[in-house]
Amino acid sequence: MSAVVSPTRRALFRGAGLLGAAGLAAACGAGGGSVVESGRRTVDHLRGSTAVPDDPRRIVAVGFSDQDPVLALGGRLVGVTDWYGDYEFATWPWAQAQLGDQRPAVLNKGKFTGTPDYRYEEIAALRPDLILGLYTEMNPDQYERLSRIAPTVGPPPGYKEFTAPWDAATRLAGDALGRREAAERAITAVNERLSAARAAHPEFAGRTAVVVERFEPGATFVRSPGDPRSRLLSALGFTVAEVAGNDSGGNDGVSLPDENMSRLDQDVLVWNIGSTPAVRTEIEGLPIYRTVPAVRAGRSVFIDDPVVSGAWTWGTVLSIPTVVDALASSIARVMTR
């Protein structure tokens, strides 16, 4: 199965009687970790501090990739949010084993636009005891409304929305679920995979790279160094270039008009096009693309396999092991040119 809804630039980048039943979390603090108090834990996140149950059993994941860290830690989902990809229960192949017999409701199925659309009544009807929103946007009003339904944990503190690294998201999920030790073990296992891949490719060290995508004619979306896709290249040893202001304001990237494509001249260009593989023909047909020195040297890589590209896009504790070897091998093939 393949992706049927093309992510926008943001993503490849997200019964009414219960409203008000669960405690509203206090919007304060910005540290990490959790504090145990009287059978409940207080978890700090971007939107404040939330008292969560010791062992949540009815979790609604409102972040676009949040089901992955929940499933990695053995959590129980009653609701997930659809991002893209035509997979049952909005769960990609790398997480199906962990999903097991769970059958979570899928919120916003097929309606991804790049902007969260919280269906509060639908969420409330699922009777969650925890709402998790790690990889999403959540303004104060949205956070308050969700918190009236159930204790709500927002994105990791210290990062702009959509830019927190996978390990920070995994740790926060561990704190929210009361499974921090399991989170640390999972993080260690992934880091060992990354270290092995980096050691196998010493040619990556110190070389510059940039992650690029194509969502509309006339412009290329350049991922920022802080975007999860770029962070994976950094973990492999690359220096992810700051191109055309793609680090501006801590956002996940910027749109670069085709007339400025020459700014993409790095040691390697890595195109993430698995949701729309046919766009490669459009890119390679651009006269200005063919003038970029890295392209002329043959150091432009297209990641067009839907699952590999999807795993890279998700950039989670479960998806990274799926993509790291394939990504490293694809890039290594052009680095000698």
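Could you size up the charge dipole of the chain around its Cα centre, putting +1 on the beta carbon of Lys and Arg and -1 on that of Asp and Glu, and report it in debye to the nearest 20?
For the chain, the charge dipole is close to 220 debye.
Convert each backbone phi in region 284-292 into a coupling constant with the Karplus relation 6.51 cos²θ - 1.76 cosθ + 1.60 (shift: θ = phi - 60°), then list the ³J(HN,Hα) values in order as whole Hz, x for Gly and Pro.
5, x, 7, x, 5, 4, 6, 8, 5
Just checking my list (i) 0.95; (ii) 1.06; (iii) 0.98 against Rg/Rh (Cα atoms, Kirkwood Rh) computed from this structure; which label fits?
Recomputing Rg/Rh (Cα atoms, Kirkwood Rh) here gives the entry labelled (iii).
Which percent, nearest 5, of DSSP beta bridges in region 197-336 are antiparallel?
Of those bridges, close to 45 percent are antiparallel.
On a C-alpha basis, how far is the centre of region 54-93 from the centre of region 297-337 in Å? Whole number, if you could?
The two parts, judged by their Cα centres, are 24 Å apart.
In bins 5 Å wide, starting from 0, what share of all Cα pairs of region 124-195 does each bin hold, as a percent?
All Cα pairs considered, the percentages come to 3, 16, 22, 21, 19, 10, 5, 3, 1.
Given region 40-178, what percent of its DSSP beta bridges are antiparallel, to the nearest 5?
The antiparallel fraction comes to roughly 40 percent.
Relative contact order of region 133-189: what whole-number percent is it, with Cα pairs under 8 angstrom and at least 6 residues apart?
The value is 28 percent.
Have a look at the DSSP beta bridges in the chain and tell me what percent are antiparallel, nearest 5.
45
Relative to the compact globular guide of 2.2 N^0.38 Å, what is the alpha carbon radius of gyration of region 174-225, as a ratio?
Compactness ratio reported: 1.75.
If you take the square roots of the eigenvalues of the alpha-carbon gyration tensor of region 40-178 and sort them as a ≥ b ≥ c, do you get rounded (a/c under 1.5), prolate (a/b over b/c) or oblate?
Rounded, since a/c falls under 1.5.
Please give me the summed charge of the neighbours of Ile59: other residues whose Cβ is under 10 Å from its Cβ, Lys and Arg +1, Asp and Glu -1.
Counting the neighbours of Ile59, the net charge comes to +1.
Please identify the GluC sites (Glu not before Pro) of region 215-305 that satisfy two criteria: DSSP loop assignment and at most 15 other Cβ atoms within 10 Å. Which are they?
Here the sparse-neighbourhood loop sites are Glu242.
Over all Cα pairs of region 141-281, how is the pair count split among 10 Å bins, expressed in % and running from 0 up to the last occupied bin?
11, 31, 32, 20, 6, 0
Taken together, the values in this text are just the output of simple stated rules run on the coordinates, not laboratory data. Remember, it's a predicted structure, so these values are computed and weren't measured experimentally. Here the Cβ is made from the backbone with ideal geometry for all residues, glycine too, and neighbour counts use every protein chain on show.
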